[in-house]
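Values in this text are rule-based calculations from the coordinates and carry no lab data. The shown structure was predicted, so the numbers you read here are calculated from the model rather than taken from an experiment. When we count neighbours, we look across all protein chains shown, and the Cβ atoms used for this are built from the backbone with ideal geometry, even at glycine.
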Amino acid sequence: MHPDLLGWTATAVLMATLVRQMVKQWHSPHPETVSKWLFIGQMTASTLFTIYSALLGAAVFVVTNLLLLATALIGQLLAWRRNRATASSSSGRTP
């Protein structure tokens, strides 16, 4: 087995897990609050790991870390939208 195949498989499993968790949290009527520092930390780490991986020439890790960065950004956007919608509905306004 080519080592990169193992890396791409790990990336696919990780992304499937993260996307599933994001969908589950989005559809939950009472999503648990996730710290903004978790998103900030994930975005910072993913950005730094992407740069590091690029400097090493590790394509699998560049793509994986870019995808992790994208999930952090999307997760933050979804949480922000959910919070806005919840605040609007509790105050009687429509979003």
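Taken over the chain, the alpha-carbon convex hull comes to 89 cubic angstrom per residue.
Sequentially through segment 36-52, phi angles give Karplus couplings (6.51, -1.76, 1.60; θ = phi - 60°) of 5, 5, 4, 5, 4, x, 5, 5, 5, 4, 5, 5, 5, 5, 5, 4, 4 Hz, Gly and Pro residues having no value and appearing as x.
Note on the chain: dipole from Cβ charges, positive end direction compared against Asn65, Thr44, Asn83; the farthest Cα belongs to Asn83. Multiplying the residue separation of Thr47 and Val63 by 0.36 nm and subtracting their alpha-carbon distance yields 4.6 nm. Placing +1 on the Cβ of every Lys and Arg and -1 on the Cβ of every Asp and Glu, with no other charges, gives the chain a dipole of roughly 500 debye about its Cα centre. Here the Gaussian network model covers the chain, with springs between Cα atoms less than 10 Å apart; of Trp37, Trp26, Trp80, Trp37 fluctuates the most. Approximating the spin labels as points 7 Å out from Cα along Cα→Cβ, the Leu14-to-His27 distance works out to 2.5 nm. Only helices enter the 222 nm calculation for the chain: every DSSP H run of n ≥ 4 contributes -39,500 (n - 2.57), and dividing by all residues gives -29000 deg cm²/dmol, rounded to 500.
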